[in-house]
Each structure stands twice: as structure tokens, then as C-alpha cells.
1. Pick from 47, 19, 100: which is most flexible by mean-square fluctuation in a GNM of the chain where alpha carbon atoms under 10 Å apart are linked?
2. For the chain, modelled as a Gaussian network with Cα springs under 10 Å, which listed residue fluctuates most, 64, 97, 28?
3. Over the range 42-131, what relative contact order in percent results from Cα pairs under 8 Å that are six or more residues apart?
4. Pick out which of 18, 103, 54 has the largest mean-square fluctuation in a Gaussian network model of the chain, springs linking Cα atoms closer than 10 Å.
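Nothing in this text is a laboratory measurement; each read-out follows from the coordinates by a stated rule. Everything quoted here is computed from the prediction, not taken from an experiment.
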């Protein structure tokens, strides 16, 4: 469970990620920006070649999001936000020769009323070096 309180966004999040592969003890999952399901930036290879595939889902209860709503003390343009947001992710990680390559595909439900285009979808890739 994650609780985020701040100027930009207030939310509570809970979720789960399942991983399958070899060398799972080399890291804690792929790194992602919050408020998504995030593993860790640190990895320590426990074997010469490690890999895994993963899938996960989370739910967020959003109390305030300044990117969608106006500033609470000044007002301004805003949209009517949705308080319950869900996110699904899947992808893979490969670790070898002191490097980690990760790819994640993410689909997220609507964050505000009137949002068009269905699920918000994006991919992220990261290449990390250990030194």
C-alpha cells in the first residue's frame, strides 16, 4: 500500500505484481514513476544471466490532483476528476553483464470525466548500468 500526500497529488494506492523467471532475487521489480506500481532502481545480479516477465494491477483512490483540478486556494480551469483509477501493467526484464533492460506496457482507466480514447496506454523502457 502506498499513500501519497503533497502539493501535486493526494492518493492511496494498493496493488500486486506477479513475476516469473530466473534470478528474481536480483531486484524488486521494474522501476516506474509514481503513482504507478514500482519496483526499485537498485539491482544486484545474483547469476550471470537473469530474466523475468511480470504482470500486475493496482487501484488508486485519488483525493486531489492539481494537474486536473484547479489550485485549492486560487481556483482556475479544471476538469471533473474521477476518484477511482485502475492500472494494469505487463512486461519483462533482462539482466546480464552488469546491465538491466526493462520494458513495461501500462494501461490506465480514465482520470477525469469526459476523457476520450478509452484506456490511457503507454510503454516505458529503461537500460540501467551497474558500476
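1. Of 47, 19, 100, the Gaussian network model singles out 47 as fluctuating most.
2. 97
3. Computed value for the range 42-131: 28 percent relative contact order.
4. Of 18, 103, 54, the most mobile in the Gaussian network model is 18.
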